[in-house]
1. So for the stretch 239-246 (the condition being farther than 30 Å from Trp139 by Cβ and surrounded by 12 or more Cβ atoms within 10 Å (Cβ to Cβ)), does at least one residue qualify?
2. Out of the stretch 106-131, which residues are touching an Asp or Glu at 6+ places or on another chain (Cβ under 8 Å), more than 29 Å from Ser68 (Cα to Cα) and either assigned to a strand (DSSP E or B) or of a type in the set (A, V, I, L, M, F, W, C) (or both)?
3. Among the listed residues Arg204, Arg108, Arg142, identify the single one that is basic (Lys, Arg) and within 23 Å of Leu20 (Cβ to Cβ).
4. Looking at this structure, is Ser148 under 17 Å from the mean Cα position of the chain (by Cα), on the phi > 0 side of the Ramachandran plot, of a type in the set (S, T, N, Q) and in a loop (DSSP other than H, G, I, E, B)?
5. Tell me, which helices (runs of 4 or more DSSP H) wholly within the stretch 166-280 include 1 or more residues that are modelled with pLDDT of 85 or more and farther than 25 Å from Asp111 by Cα?
6. Restricting attention to the stretch 148-155, does a residue exist that is under 28 Å from Ser222 (Cβ atoms), touching a helix residue (DSSP H, G or I) at 6+ places or on another chain (Cβ under 7 Å) and open to solvent by 10 Å² or more (accessible area, probe 1.4 Å)?
7. Give all pairs with beta carbons closer than 7 Å in which a residue from the stretch 159-180 that is farther than 12 Å from Ala211 by Cβ and free of Cβ contacts under 8 Å to residues at least 40 places away in the same chain meets a residue that is outside any helix (DSSP H, G or I) and among the small types (Gly, Ala, Ser); count only pairs at least 6 apart in sequence or on separate chains.
Amino acid sequence: MSAVDAAALLRAGLLHPRELLESCLSRTRAFDGDVGAWVRLYPELAYEAADAAGERLARARREQTHISPLCGLPIALKDIFAVSGLPLTASSRVLEGNIAAGHSGVWRRLDAAGAVLMGHTHTDEFAMGVTTPQVGNPWNTRFSPGGSSGGSAAALAARFVPLALGSDTGGSARLPASACGVSSIKPTYGAITSYGMIPLTWTRDHVGPMARSLGDAALLMSVLAGPDADDPITSLGRPVPEGGYPLAARGGAAPLSGIRIGVPVDSRPAPVAAVQRVVD
């Protein structure tokens, strides 16, 4: 079930957040032993959040008021995003025992929207590499899920959770999304707050919405994007479109047909002699 479909069922009262959470936890218990996507799970907190989301959804139906489409949806956070009172270790023994003193900007938004935190997913240590060696690719666990957001991508590909957050400095969300067959977005710098996120490179770190489709990732980005008083660069970002970002491509089955993305200056292969000189 996609995040968009699950959100529609939750809002209609045809699915309860606790049911959806239990399904995700059951699949995690059955298959994460081989994958190892999670560094920590928070089932007790997640059940409490799911019940609270169920009450919010029921109240919104009774009163016919608007509610965030993320309300009741389980989500995974890469182990670099702070949640007050919970461990934050960047998958490193260096930070073992470290407890976050406050919420990251993205978790503040997700918590306010009623999202259900399932746990933190593994990252390549301090988000520095491109392999995430603690995690196996769900399609074949002998292979890498990519990195550094490999735990988030693996959790999505294994159907442990419908939504996840990664980060992208030099490909850390896009690489694992490609390796695991899921989707990610590297938004314009400053579109999403990076406050409370363990940094790799301040001026290049991007929060990366991740999901099993671009529509689901766009749903997540619609809630995350926008100004944050704790992150001044976000004040320069473009406003979120009214109604959120599009959840489906415009223009039919081939929306990019006829669009020219770029033209290479010289597509001819280098002469063998030149290649040999470089190798030498």
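1. yes
2. Answer for the stretch 106-131, where residues must be touching an Asp or Glu at 6+ places or on another chain (Cβ under 8 Å), more than 29 Å from Ser68 (Cα to Cα) and either assigned to a strand (DSSP E or B) or of a type in the set (A, V, I, L, M, F, W, C) (or both): just Val130.
3. Unique residue meeting the criteria: Arg108.
4. No, not satisfied.
5. 174-180
6. No, that holds for no residue.
7. Arg174/Ser184; Ser178/Gly146
The values are calculated or read from the model by the stated rules, or taken from the named source; none is laboratory data. No experiment lies behind these values; they were computed from the predicted model shown. Here the Cβ is made from the backbone with ideal geometry for all residues, glycine too, and neighbour counts use every protein chain on show. Please note that ligands, DNA and RNA were not included when accessible areas were found on the heavy atoms of the full protein model with its side chains. Shrake-Rupley method; radii C 1.70, N 1.55, O 1.52, S 1.80 Å.
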